[in-house]
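The values are calculated or read from the model by the stated rules, or taken from the named source; none is laboratory data. The structure presented is a predicted model; accordingly, all values stated were derived computationally and were not measured. Using ideal geometry, Cβ is built from the backbone for each residue, glycine included, and neighbour counts are taken over all protein chains shown. Only protein heavy atoms, including side chains, enter the accessible area calculation; ligands, DNA and RNA are left aside. Shrake-Rupley method; radii C 1.70, N 1.55, O 1.52, S 1.80 Å.
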Amino acid sequence: MPGHLTRDRLAVLAGVAAPLALAAVLVPFQASFPNTDAALAMLLVVVAVAANGDRLAGTLAAVSTAVWFDFFLTRPYERFTITRRTDIETTVLLLVIGVAVTEIAVWGRRHYAIASRRAGYLDGINNAARAVAAGGSAPALIDQVSGQLVRLLSLGSCVFQYGVAGLGRPARLHRDGSVTLGQLRWAVDGEVFPPDADVELLVEGGGIFQGRFLMTPAPGARPALERRLLAVAFADQVGSALASSHPVGHG
């Protein structure tokens, strides 16, 4: 996280300063080539900043590019005034395209992050499945899955209890990802975990009840439906391991 903060701060600084520096470099050539070519060169700065920074950095780069293009590369030079219609259009396009490029870059990074998280979740499920297939220790798998659930669902704690269900009347996470507390069903995509309540995730294997994961959500935890369904998949792996070792009925 500190590395990302540093990168974003550097990108903000670059978004403000880099267009100014490039415009100053292009000043000696302002009479030798069309300023539309200069605009294209400055747009590359916006693309570079947007690709490496956040939305703020890209937007600042777009605004800075439009401002310094106006000041240095449109007549009258070194004044924040534009007299030609084509220069006005070019400046406006610089700003609009710069902001659009920034939004596309932000969208791309967001989807890349989502894909990376999904790959991590699938790796966790695959590791659990391999542990079951290899006949690994059920307690070790339970510990592994408990850690996965803490990270996946933003929990404060998670413990496995053999042969227990409903004790303490906690909320319950169901196989479809929904959560109920008594007769109250919580919206699947809304506020997920009831406040000040533990949540249990039942574990079955070989058609036999094995136990539950009793989970204490961290304050403000709102895991998405996808994460809750993955939690159910992890529980299924534990159920398979317990069924093949020492199944436990209700007790």
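Computed values, structure above
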{"read-out": "Residues listed by number, the range 191-224, amide nitrogen under 13 Å from residue 184 label point at 7 Å toward C-beta", "value": "191-198"}
{"read-out": "Cβ-Cβ FRET estimate between residue 6 and residue 40, R0 fixed at 35 Å, reported to 0.05", "value": "0.70"}
{"read-out": "Extension gain from residue 109 to residue 161, taking 0.36 nm per residue of separation minus the Cα-Cα distance", "value": "14.7 nm"}
{"read-out": "Cleavage-rule hits (chymotrypsin sites (Phe, Trp or Tyr not before Pro)) in the range 62-105: DSSP loop, at most 16 neighbouring Cβ within 10 angstrom", "value": "77, 80"}
{"read-out": "Accessible area (Å², per residue) of the range 176-233, counting only protein heavy atoms and a probe of 1.4 Å", "value": "47"}
{"read-out": "Full-extension gain in nm, residue 75 to residue 197, via 0.36 nm per residue minus C-alpha separation", "value": "37.2 nm"}
{"read-out": "Protein accessible area in the chain, 1.4 Å probe - carbon and sulfur %", "value": "63"}
{"read-out": "³J(HN,Hα), Karplus 6.51/-1.76/1.60, whole Hz, each residue of the range 72-81, x for Gly, Pro", "value": "9, 10, 10, 7, x, 5, 6, 9, 7, 9"}
{"read-out": "Two-site label geometry, residue 208 and residue 151: point separation in nm, points 7 Å out along Cα→Cβ", "value": "3.2"}
